[in-house]
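One structure is given here, and the rest of the page talks about it.
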Amino acid sequence: MKQKIAVIGATGLVGNATVLELAARGHQVTAFARNVDKVAQNDNVTAIATDVNSPNFAEKLKGFDAVVSAFNAGWSNPNLAQDIKIAYGNILPAVKNADVPYFLVIGGAGSLNVAPNLQLVDTPDFPADVYPAADAVRVLLNELRPRRDINWAFLSPAAMFAVAPVTFERLGKYQIGQDDVILDKNGAPADISVADLACAIADDVEKKAHLFRRFTVAAV
């Protein structure tokens with residue numbers, strides 16, 4: 001069944017791939033971005049210039065079957081962690097006020113467990129420059145977990161996504177986990193291609209498969 005799906009952060013690496021995947025499946029996609037000139041062009045894609053911090057953002061989220069947030073203020077942004085907090089401080093109330101049926105947040109892998117009571121973000125080798133943003137996303141997940149006034153789901157990509165060289169091959173298959181880092185066949189943290197991550201995102205929002213849950217995906 002074709003759906004009306006919005007993508008926040010539609011010009012980023014993950015957001016752009018998600019727009020392309022959803023459009024290829026025939027959904028009516030609304031792409032929210034600061035620069036609409038960078039939004040993927042397609043007959044069933046509508047690009048809307050917007051700032052998630054605008055006071056009328058909730059109005060723009062009304063009427064969708066699902067909303068995907070691939071918001072990212074840019075890894076080179078020195079204020080990334082603070083911008084994540086500010087943005088979701090506005091996005092979450094907007095999602096609530098718009099009564100979004102299914103809201104999928106694309107987060108990071110930092111909050112995945114590598115051992116009992118040990119999350120990836122707290123391991124000694126976790127990059128210090130990435131820690132503030134990764135911790136901000138972990139705080140976001142912890143805030144969402146008890147909430148039932150927002151129809152949330154949270155996707156943590158494979159631990160090596162965007163750490164290893166980014167790949168774009170679409171196999172259309174992947175493995176799903178919950179709160180633990182998925183390992184590859186060699187016992188190392190797994191990766192996933194951008195296209196297969198987008199496939200997993202599209203599969204999830206079509207089925208609304210992880211309401212009130214966090215999950216992770218990795219290459220098979």
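Suppose the filter is open to solvent by less than 60 Å² (accessible area, probe 1.4 Å) and either modelled with pLDDT under 95 or not aromatic (Phe, Trp, Tyr) (or both); does residue 162 pass it?
It is false that residue 162 is open to solvent by less than 60 Å² (accessible area, probe 1.4 Å) and either modelled with pLDDT under 95 or not aromatic (Phe, Trp, Tyr) (or both).
Among the residues of the stretch 74-126, which ones are farther than 25 Å from residue 217 by Cα and among the acidic types (Asp, Glu)?
83, 99, listed by residue number.
Among the residues of the stretch 171-220, which ones are charged (D, E, K, R) and in contact with a Ser or Thr (Cβ under 7 Å, 6 or more places away or on another chain)?
214
Filter the stretch 38-70 for residues that are among the charged types (D, E, K, R) and in contact with a Ser or Thr (Cβ under 8 Å, 6 or more places away or on another chain); which is nearest to residue 98 (Cα to Cα)?
Result: 60.
Regarding the stretch 13-28, can at least one residue be identified that is at pLDDT 95 or above, in contact with a Leu (Cβ under 7 Å, 6 or more places away or on another chain) and part of a loop (DSSP other than H, G, I, E, B)?
Looking for residues that are at pLDDT 95 or above, in contact with a Leu (Cβ under 7 Å, 6 or more places away or on another chain) and part of a loop (DSSP other than H, G, I, E, B), one finds none in the stretch 13-28, hence no.
For (1) under 18 Å from residue 20 (Cα atoms); (2) of a type in the set (D, E, K, R); (3) touching a strand residue (DSSP E or B) at 6+ places or on another chain (Cβ under 7 Å); (4) without any contact (Cβ under 8 Å) to a residue 24 or more places away in the chain, each residue gets a yes or a no:
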{"residue": "124", "(1), (2), (3), (4)": "no, no, no, yes"}
{"residue": "137", "(1), (2), (3), (4)": "no, no, no, no"}
{"residue": "151", "(1), (2), (3), (4)": "no, no, yes, no"}
{"residue": "158", "(1), (2), (3), (4)": "no, no, yes, no"}
{"residue": "176", "(1), (2), (3), (4)": "no, no, yes, no"}
{"residue": "184", "(1), (2), (3), (4)": "no, yes, no, no"}
{"residue": "195", "(1), (2), (3), (4)": "yes, no, no, no"}
{"residue": "217", "(1), (2), (3), (4)": "no, no, yes, no"}
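Between 37, 51, which is outside any loop (DSSP other than H, G, I, E, B), of a type in the set (Asp, Glu) and open to solvent by 50 Å² or more (accessible area, probe 1.4 Å)? Before you say what the answer is, go through the steps one by one.
On the way: 51 fails: outside any loop (DSSP other than H, G, I, E, B).
Of 37, 51, the one residue that is outside any loop (DSSP other than H, G, I, E, B), of a type in the set (Asp, Glu) and open to solvent by 50 Å² or more (accessible area, probe 1.4 Å) is 37.
Can you go through 191, 180, 184 and tell me which one is open to solvent by 30 Å² or more (accessible area, probe 1.4 Å), touching a Leu at 6+ places or on another chain (Cβ under 8 Å) and farther than 22 Å from residue 147 by Cβ?
Just one listed residue meets the conditions, 180.
The values are calculated or read from the model by the stated rules, or taken from the named source; none is laboratory data. Here the structure is a predicted model, which is why all the values come from computation and not from measurement. As a convention, Cβ positions derive from the backbone with ideal geometry for all residues, glycine included, and neighbour counts pool all protein chains shown. Heavy atoms of the whole protein, side chains included, go into the accessibility calculation; ligands, DNA and RNA do not. Shrake-Rupley method; radii C 1.70, N 1.55, O 1.52, S 1.80 Å.
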